[in-house]
Amino acid sequence: MQNPVTVEVTRGKLVESRHRGMGIVVDGDGKVVFSFGDADAGVFPRSACKAMQALPLVESGAADAYGFGNAELAFSCASHSGEDRHVAMAASMLAKAGKDVSALECGAHWSSDQATVIHQARTIDKPSALHNNCSGKHSGFVCTCVHSGTDVAGYVGYDHPLQREIRDVMQSLTGATLGEDNCGIDGCSIPTYAVPLRGLAHGFAKMLTGQGLSHTRATASRRLMEACMAEPFYVAGTNRACTKLMELAPGKIFAKTGAEGVFVAALPDHDLAMAVKCEDGTTRAAEAMIFALIARYFEKGSETQEKLMSMANRQMHNWNGYHVGDVRVTDVLFA
C-alpha cells in the first residue's frame, strides 16, 4: 500500500514538498474509529512510548517510595529540552534513590532547542547525561532498579531484568510479539521495538480507559497520563509541541512525540487514542498530522478546534519575517 500525501509544504504559489503518512484512531476495545494509510505497518515508536516504559516505576512502588508527584511522573515520560528545571528534576529524582549523574547510561548531548542550547553554551562547559532529553526516563529506570534491589549497572541492556519487564509491558499493551528480530537500539541506548501502528494506538487506548488491563496496571497507566497532562512542561518544554498541546486543553489531551515522525495522543473525554507516522520521518509533518487529527474530536468552530487547526496549517517566515510559504494538511485527515 502506498501511503497518501498527508502534509504539503508550499513556497510562493507552488507545492515545494510533500509528506506521506499513516495514522489511526481507536477506542479501548481496539475498534478503529478512523484511519488512513497502512496503519498495520510496523514502526519504531521511539520516545512516543515512554509512558509505557515508565509503568514499572509506578507498578513496582518506587514512585511512591520516593515521594514522586505529578512533576516527577511526567518527567519519567519526557523527551525534554534540557532546560534548567529539567536538569534539576533529573538530579533530584536520582538523589532520592541515593544516586547521581554517574548512574545514567543514556549518554550526554546538547539541547536540540536553539534558545536552550545557547543558554547551555553560556552557562556550562559541556552537557552531562542530566541534559540528555531522555534523562527523565532514565532517572525513573534507575529509581526502579534501586527500589527493587536490581543491579543498576547495565540497565539499558536487552537482557537486563528491567528491560525484560518493559518488553513484557509493551507486548501486553500493543499485542505485538517483541524480540530480537524486531528490536533496534534507541538514541538513549535502550532497546526499541517495531510494532504495528494500530497496536501502538490501541496500547494507549487501553492505558487511557483501563480496558483489558489489571486494576494495578490500569491505575498506574491513568496516573502517568494524568501526570503528563497536569505537568506538560516536564514532558517536553518551552514551545514544544507536546507541551503546547496539553496546555491548550488542560486534562483533555495527552500527547507524546517520538523521533522519526511518530506522534501519539489520547483524548480522555472521548476514550480514544491515536498514533501517526510520517513515512519520511519528518517532525513537522507528524506534528501537523496529530494537530489535525486531534482537532477532529473537538467541536467545529470552537476556540480549541480553531487553535489546533491553526497549528496544523501554519505559515512559514524567513529571517526577515517575510511569509514565504505554508505547512498544510491535506483532505486525507478529514475524510
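The values are calculated or read from the model by the stated rules, or taken from the named source; none is laboratory data. This structure is a prediction, so every number in the text was calculated from the model and none was measured. Don't worry about glycine lacking a Cβ; one is built from the backbone with ideal geometry, like all the others, and counts go over all protein chains shown. Ligands, DNA and RNA are excluded from the accessible area calculation, which covers all protein heavy atoms including side chains. Shrake-Rupley method; radii C 1.70, N 1.55, O 1.52, S 1.80 Å.
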ask   = Taking helices (runs of 4 or more DSSP H) that do not extend beyond region 239-335, which have at least 1 residues that are more than 19 Å from residue 6 (Cα to Cα)?
value = 241-248, 303-312
request  = Working only within region 187-212, note down all residues that are of a type in the set (Ser, Thr, Tyr) and either more than 30 Å from residue 132 (Cβ to Cβ) or in contact with a strand residue (DSSP E or B) (Cβ under 9 Å, 6 or more places away or on another chain) (or both).
outcome  = 192, 193, 209
inquiry  = Checking the structure you have, find out if any residue of region 232-241 is of a type in the set (Ser, Thr, Tyr), under 21 Å from residue 40 (Cβ atoms), open to solvent by less than 40 Å² (accessible area, probe 1.4 Å) and touching a residue at least 40 places away in the same chain (Cβ under 8 Å).
reply    = no
query = Applying the selection to region 251-294, what residues are within 19 Å of residue 205 (Cα to Cα) and surrounded by fewer than 24 Cβ atoms within 10 Å (Cβ to Cβ)?
reply = 251, 252, 267, 268, 269, 270, 271
task = Name the helices (runs of 4 or more DSSP H) wholly inside region 58-106 in which the number of residues that are open to solvent by 30 Å² or more (accessible area, probe 1.4 Å) is 3 or more.
result = 84-96
remark   = Among the residues of region 107-161, the number that are part of a loop (DSSP other than H, G, I, E, B), open to solvent by 50 Å² or more (accessible area, probe 1.4 Å) and modelled with pLDDT of 95 or more is 10
query = On the given criteria, is residue 7 crowded, with 21+ Cβ neighbours inside 10 Å, in a helix (DSSP H, G or I) and among the β-branched types (Val, Ile, Thr)?
reply = no
